[in-house]
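Accompanying notes for the structure given below.
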Amino acid sequence: MRYLPLSDADRKSMLSTIGANSVEDFFADVPETARVEGVIADLPPFQSELAVERHLKTLAARNTNAEDIPFFVGGGAYRHHIPASVDMIIQRSEFLTTYTPYQPEIAQGTLQTLFEFQTQVAELTGMAVANASMYDGSTGCAEAALMACRATRRSKVICSGGLHPHYAASTRLLCEAQGIEVIQLPPAIDDEVALKDFVDNQTACLIAQSPNVFGTITDLTEVSEAAHAHKALMVSVFTEAVSLGLIKPPGEMGADIAVGEGQSIGNALSFGGPYVGLFACTEKLTRQMPGRLCGETVDANGERGFVLTLSTREQHIRRDKATSNICTNSGLCTLAFSSHMSLLGTAGLQRLALLNHEAACDLADELEALSGVEVLTPGFFNEFAYRTSKPAEDVLSGLLERGIMGGIRASRFFPGPEFRNVILTTATECNTAEDIRAYAAALEEVIQ
Amino acid sequence: MTMHAIGRPTRQASSMTDTSATSSGSRGLLQDEGLIFEVGSPDRTGVDLPEPKLRSRRLRGMERTLSPSLPGLSEPQAVRHYVRLSQRNYAIDLGVFPLGSCTMKHNPRLNEKLARLPGFASLHPMQPQATVQGALALMDELAGWLKTLTGMPAVAMSPKAGAHGELCGMLAIRRALEARGELNQRRCVLVPESAHGTNPATAIQCGFKVEEIPANEIGRVDMDDLRNRLDGRDDIAGIMLTNPNTCGLFETDIIEIAKLIHAAGGYFYCDGANFNAIVGRVRPGDLGIDAMHINLHKTFSTPHGGGGPGSGPTVLSEALAPFAPVPRVEKDGETYHLVEEEQGASDQAFGRMTAFHGQFGMFVRALSYMLSHGADGLKQVSEDAVLNANYVQARLSDVMTPAFEGYCMHEALFSDKFVAPGIGTIDIAKAIIDEGYHPMTMYFPLVVSGAMLIEPTETESKAELDRFCDALLQIAERAAQGDETLKLCPQHAPLRRLDETLAARKPQLRWRPIPETAIAAE
Amino acid sequence: MTIYYTKEHEWVSVDGKTATIGITAYAAEQLGDVVFVDLPEQGTDFDQDSDMAVVESVKAASDVYAPVTGTVVESNAGLEEAPERVNEDPEGDGWFVRLTVTEPGQLDGLMDADAYKAFLDSL
């Protein structure tokens, strides 16, 4: 077996050093009724690389992937181009096959990249500090709600009607388990500001998203002001990190906590994971943050170095009083994010964001020109909702028959008649002018 | 106040003159490298993108006016930056990484290759289900392996890491208690004092109260205490128990523990962090457990990546299966469906834990690992892991003090009893760095004084283990003799001991430009 | 002015109705370098033995209990910027909280300096 270095001779000699007769001796504590005789039934025996590769390639071939087809699906995960060097960097043995940096003297590589990542996330969101990542945007959103409740000692959370429904569901789950009331406003394409009418002196936080799940961009400043007037916190959510290269970030709209998905930068779609949750907040809230934090310090010779710090918030020290149970986070995905962001720089990010916006504007222009198509999103970055006279499901399968992956039916998020004919669609720098024209041409046929 | 005197010293050792200083800051192969903020500049970019034409804008006047300060690097600069930094990291690919309870085993490169097939890596989680049948089939196949290996009827695939899996299991227990109408009454979760910190943190996050239970003198749950404790109780929600436990020992009475908990009306959550010790030989389902997460990044070799991503599928018993979260993969004839909404689940799903379907990229890697090993190979994996640990324990026991008598499972635990006063576990750990190894887990579990937990895993050869043991024995002897120079270690790592007190007192969590006035003053 | 001690290593210095509270030199030594102290807001009421403050070293976070029932009149704001004062002068500059004592009878249940010293010797 190619992954197991011990030979039978090694095993024998090791047993003799130990003074054991066989490996069975080590399993003597296992109750006899629970010991498996022989090998576990119903599973195949070991296979060669070639055989495993063949099997998994067959499975992969049964999927239609985003590289094979004009692709316009978003809704919380986005197809972007990833520079070749990013994948090379994250496959460096020293990053790929190392652990959480508990021994800082021999983990400065990971620690420095985390420090750089935290700074990049803080800059991108316009916030004071950021942590070393959460699992993804949705779990980060849930943790933000819990953090707001801790910080305010209140137990009511209000979610906007444009918050990604999967984020809302993840948040509701964790909050309700702790007896926190979650008020969910009804789905609304353009009404994030409705939150301000619901805030009261019992509210821990308002959670709004921009661009929201319908793609709508909203200035959340007045929502933040309303929250602060009631000593509640403002949680500002985003699912498309590239948007922050072009639009006003949470930090400029009065957010206390900014949380979102970082997949867009450096990370593959990978059917939903692994992704990387970005989590940032104001200086004042630093010690309420969940997850790991990397900080600067010096070594015994006075040289600059980095360590995990403020660990007393975390489960391995604080146990039942920890700010979260999170342990492993998204280490390697932060490196993918950070290295891609380092390649982009401000100039590259801004241009990338403009190209995304341009592609989406071009798509919206083309679709709006068709009779019977109504673009519903009043202002957007790279994602918008549109309506036709036909059920979205039928429209999307018609598009797929014509070789276009056209988006997500809104009813997948919001069951009910209101959104039956609504499609959420996304265009990025990966979509060519031909893709966009092909989309419009196919849609014209489908809705006729 | 509560006193926590246990733990590692955090003050840096006194500085000594560094005679290895060079004028460039580099040291031979170890290149000096600044932060990206010092190396790059915001107007440089390593990504060539076309000029945007932008005929229209639909931003509602929400343009960002203050640019973020994000330095850019050209590709050669970026590659150098990260390769130079990588050389400041220890890794399994460099040598033995015996971090107990973390299972640092070899990460097969086939797994990486397959996870990058466009047919997996470029799939969107919200694509039409007809276009992802191969991906859903893969999830179903992996689920089948996990259920068969654990002897459990159901598995929730979406948890993103081990602690998220704990949350999954405990939320299922919560929902089951709710369905029985006993949630308000059953608030108490028993957790051994030796447990990983995530266990109590998870129980609290699910709204339960934690009651610590003691271990006996041989490192297992104290059964007399447990029986007495459970007697007449009607507030027990369940127990969270790691098996093999954090001392590297199999819980001998585990079946009895399950019976006692069930008789008290509670559920049995098993922390599966150490499943790698028994995979292929013991099916946790035969032990009476109700839920267990499986760290794909431990038992099934997906890379740790410097702290993630993990993946924590959670197997569930008949009693808890109806409450599994959405989304779920279901098979109807030859077609796979994704049940995404709680309303769509024909039962009592406790909700949704995350935006999409779990760590799919890790699923590909784990399945590749399982297929490569097969049922026979996985059995060999646990045998070799346990053999290697016992070999290390046997070789080190002449000098170091095993925490418990007898054989261990997949990790060997030592206390600091052999260490001379004034020297600590941390000094041994830092000294082994100088010998070219990553230290063992130190000061965990908390129930053993100055604990050193060594997990070699099955992917170490005898020769590697012998070299590691030789090096550690020498250090242990110095520690036993009170050799004060251990306190100066490491001396051959990229940095000396770091000042964690300074980092925590004056947290600097991000880079900030040096104010221009300060530059002018120089 | 009398100083009392608890088995949880808090000291209480009473002046009229006001009690100044901190952790003992022994506790500060055991904790190692204190890096952060989380103190209650003015006006907060505490029952005897309830969690009142948190003191953190790099390796541990420890709860500090109210040795007596009372209301916070002042927290030591200086500790926010300079938590090291807890190590440098635990029973002086490194004080945590001033309370208005509402149940002075509780003080009789605490130790005096000699009793505390004997208690430490017994550990």
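On inspection, residue A:282 qualifies as more than 9 Å from chain B (Cβ to nearest Cβ), out of contact with any helix residue (DSSP H, G or I) (no Cβ under 8 Å at 6 or more places or on another chain) and surrounded by fewer than 24 Cβ atoms within 10 Å (Cβ to Cβ). Against the conditions (1) within 8 Å of chain B (Cβ to nearest Cβ); (2) surrounded by 24 or more Cβ atoms within 10 Å (Cβ to Cβ); (3) at pLDDT 95 or above; (4) not in a loop (DSSP other than H, G, I, E, B), residue A:337 satisfies every one except (1). Applying the set (1) of a type outside the set (D, E, K, R); (2) surrounded by fewer than 17 Cβ atoms within 10 Å (Cβ to Cβ); (3) out of contact with any strand residue (DSSP E or B) (no Cβ under 6 Å at 6 or more places or on another chain) to residue B:476 leaves exactly one unmet item: (2).
A search for C-beta distances below 7 Å between a residue of the range B:182-193 that is closer than 13 Å to residue B:269 by Cα and any residue that is at pLDDT below 95 and small (Gly, Ala, Ser), counting only pairs 6+ apart in sequence or on different chains, returns B:192/B:215.
Here residue B:247 passes the criteria (1) at positive phi; (2) surrounded by 24 or more Cβ atoms within 10 Å (Cβ to Cβ) except the one numbered (1). Take residue B:272 and decide whether it is out of contact with any His (no Cβ under 7 Å at 6 or more places or on another chain) and more than 12 Å from chain A (Cβ to nearest Cβ). It is false that residue B:272 is out of contact with any His (no Cβ under 7 Å at 6 or more places or on another chain) and more than 12 Å from chain A (Cβ to nearest Cβ). Residues of the range A:33-69 that are more than 7 Å from chain B (Cβ to nearest Cβ), at pLDDT 95 or above and either under 30 Å from residue B:281 (Cβ atoms) or part of a strand (DSSP E or B) (or both): A:48, A:50, A:51, A:54. With the condition kept exactly as written, say whether any residue in the range A:342-359 is surrounded by fewer than 24 Cβ atoms within 10 Å (Cβ to Cβ), in contact with a helix residue (DSSP H, G or I) (Cβ under 9 Å, 6 or more places away or on another chain) and part of a loop (DSSP other than H, G, I, E, B). No, that holds for no residue.
Quick check: anything in the range B:507-517 outside any loop (DSSP other than H, G, I, E, B) and either within 27 Å of the chain's Cα centre (by Cα) or of a type in the set (A, V, I, L, M, F, W, C) (or both)? Give the steps one after another, and end with the answer.
Just the residues of the range B:507-517 that are outside any loop (DSSP other than H, G, I, E, B), to begin with: B:516-517.
Of the ones still in play, those that are also either within 27 Å of the chain's Cα centre (by Cα) or of a type in the set (A, V, I, L, M, F, W, C) (or both) are none.
For the range B:507-517, residues outside any loop (DSSP other than H, G, I, E, B) and either within 27 Å of the chain's Cα centre (by Cα) or of a type in the set (A, V, I, L, M, F, W, C) (or both): absent.
Set side by side, the residues A:277, A:348, A:295, A:331 differ, and just one is in contact (Cβ under 8 Å) with a residue 40 or more places away in the chain, facing chain B (nearest Cβ under 7 Å) and touching a Gly at 6+ places or on another chain (Cβ under 7 Å), which is A:331. Taken together, the residues in the range A:1-23 that are more than 7 Å from every other protein chain (Cβ to nearest Cβ) and under 45 Å from the mean Cα position of the chain (by Cα) amount to 2.
Counting only residues that are touching a residue at least 40 places away in the same chain (Cβ under 8 Å) and surrounded by 12 or more Cβ atoms within 10 Å (Cβ to Cβ), the range B:19-37 holds 6 of them.
Table: residues versus (1) within 30 Å of residue A:104 (Cβ to Cβ); (2) in contact with a Gly (Cβ under 6 Å, 6 or more places away or on another chain); (3) facing chain A (nearest Cβ under 9 Å); (4) modelled with pLDDT under 95.
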{"position": "B:107", "(1), (2), (3), (4)": "yes, no, yes, no"}
{"position": "B:132", "(1), (2), (3), (4)": "no, no, yes, no"}
{"position": "B:151", "(1), (2), (3), (4)": "no, yes, yes, no"}
{"position": "B:160", "(1), (2), (3), (4)": "yes, no, yes, no"}
{"position": "B:178", "(1), (2), (3), (4)": "no, no, no, no"}
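Restricted to the range C:68-123, and to residues that are in a helix (DSSP H, G or I) and aromatic (Phe, Trp, Tyr), which residue is surrounded by the fewest Cβ atoms within 10 Å (Cβ to Cβ)? Looking at residues that are in a helix (DSSP H, G or I) and aromatic (Phe, Trp, Tyr), I get C:119.
Under 27 Å from residue B:498 (Cβ atoms), touching a residue at least 12 places away in the same chain (Cβ under 8 Å) and more than 10 Å from the chain's Cα centre (by Cα), is that true of residue C:59? Please lay out each step first, then the result.
On the way: under 27 Å from residue B:498 (Cβ atoms): yes; touching a residue at least 12 places away in the same chain (Cβ under 8 Å): yes; more than 10 Å from the chain's Cα centre (by Cα): yes.
So residue C:59 passes the test.
For the range A:70-87, the tally of residues that are more than 7 Å from chain B (Cβ to nearest Cβ) and either assigned to a helix (DSSP H, G or I) or within 25 Å of residue A:328 (Cα to Cα) (or both) stands at 5. In the condition set (1) more than 8 Å from chain B (Cβ to nearest Cβ); (2) modelled with pLDDT of 90 or more; (3) not in a helix (DSSP H, G or I), residue A:323 is compliant with all but (2).
Provide a single number: the residues in the range B:1-24 that are within 9 Å of chain A (Cβ to nearest Cβ) and either closer than 20 Å to residue A:111 by Cα or modelled with pLDDT of 90 or more (or both).
Number satisfying all stated conditions: 1.
Considering only residues in the range A:168-213 that are part of a loop (DSSP other than H, G, I, E, B) and acidic (Asp, Glu), the one that is farthest from the chain's Cα centre (by Cα) turns out to be A:200.
Inclusion of residue A:102 among residues that are more than 7 Å from chain B (Cβ to nearest Cβ), outside any helix (DSSP H, G or I) and surrounded by fewer than 24 Cβ atoms within 10 Å (Cβ to Cβ) is warranted. For residue B:266, the conditions (1) within 13 Å of chain A (Cβ to nearest Cβ); (2) touching a residue at least 60 places away in the same chain (Cβ under 8 Å) are fulfilled apart from (1).
The values are calculated or read from the model by the stated rules, or taken from the named source; none is laboratory data. Source: prediction; values computed, not measured. Counting neighbours? That spans all protein chains shown, and the Cβs are built from the backbone with ideal geometry, glycine included.
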